[in-house]
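The values are calculated or read from the model by the stated rules, or taken from the named source; none is laboratory data. Just so it is clear, the structure is predicted and the values come from calculations on it, not from any experiment. Using ideal geometry, Cβ is built from the backbone for each residue, glycine included, and neighbour counts are taken over all protein chains shown.
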């Protein structure tokens with residue numbers, strides 16, 4: 001928290017320490033989505049530029065700083081996936097992400113908290129139906145739109161929307177303290 005506040009005040013030392021403490025987490029998110037190290041590393045630079053420029057917009061009441069930064073990384077990666085998909089052939093099939101969400105990184109701050117959260121999230125995902133889990137994973141980690149999900153899963157659009165909506169609702173309920 002303190003490092004992000006100092007970064008918002010344009011403290012370069014704090015920004016460097018923030019990068020050292022969190023970059024492995026963000027790179028893990030980017031690698032899971034982009035699946036190419038060079039693309040993930042480029043995206044990581046974009047993320048930290050955005051963090052530097054937008055650190056003052058972080059609101060403590062909206063969540064943990066790492067979660068805010070991981071959201072920035074996720075959206076950057078999804079933008080890149082969508083841009084790549086628009087330029088790829090229609091034949092290319094994107095496989096769903098596996099359920100091993102544990103991050104292999106070992107950033108010193110809040111690692112136990114992150115591990116516990118990931119374990120709880122995994123437990124909650126297992127409780128979803130196969131269709132809900134697949135729809136949520138493809139939408140969240142692969143950036144699929146509802147029409148793309150419907151086509152990929154071979155199901156009607158309304159059904160896919162319901163799977164995503166109900167799956168996210170069940171995840172929220174499961175993760176509530």
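Taking the range 30-47, which residues are in contact with a helix residue (DSSP H, G or I) (Cβ under 9 Å, 6 or more places away or on another chain) and free of Cβ contacts under 8 Å to residues at least 60 places away in the same chain? Within the range 30-47, 30, 31, 34, 37, 39, 40, 41, 42, 43, 44, 46, 47 meet the criteria. Residues in the range 136-159 that are over 15 Å from the mean Cα position of the chain (by Cα) and within 21 Å of residue 33 (Cα to Cα): 145, 146, 147, 148, 149, 150, 151, 152, 153.
One line per residue, one yes/no per condition, for (1) surrounded by 15 or more Cβ atoms within 10 Å (Cβ to Cβ); (2) at pLDDT below 70; (3) within 20 Å of residue 25 (Cα to Cα); (4) out of contact with any strand residue (DSSP E or B) (no Cβ under 6 Å at 6 or more places or on another chain):
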{"site": "107", "(1), (2), (3), (4)": "yes, yes, yes, yes"}
{"site": "115", "(1), (2), (3), (4)": "no, yes, yes, yes"}
{"site": "124", "(1), (2), (3), (4)": "yes, no, no, yes"}
{"site": "130", "(1), (2), (3), (4)": "no, no, no, yes"}
{"site": "139", "(1), (2), (3), (4)": "yes, no, no, yes"}
{"site": "147", "(1), (2), (3), (4)": "no, no, no, yes"}
{"site": "175", "(1), (2), (3), (4)": "no, no, no, yes"}
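Among residues of the range 48-66 that are free of Cβ contacts under 8 Å to residues at least 24 places away in the same chain, none has a beta-carbon under 8 Å from a residue that is part of a helix (DSSP H, G or I) and loosely packed, with under 11 Cβ neighbours inside 10 Å at least six positions away or on a different chain. Filtered by the rule that a residue be at negative phi and in a loop (DSSP other than H, G, I, E, B), the range 2-56 gives 9, 11, 36. Listed by first and then second residue, the pairs with beta-carbon distance under 7 Å, at least 6 apart or on different chains, first residue in the range 149-173 and under 14 Å from residue 134 (Cβ atoms), second in a helix (DSSP H, G or I) and modelled with pLDDT of 95 or more, form an empty list.
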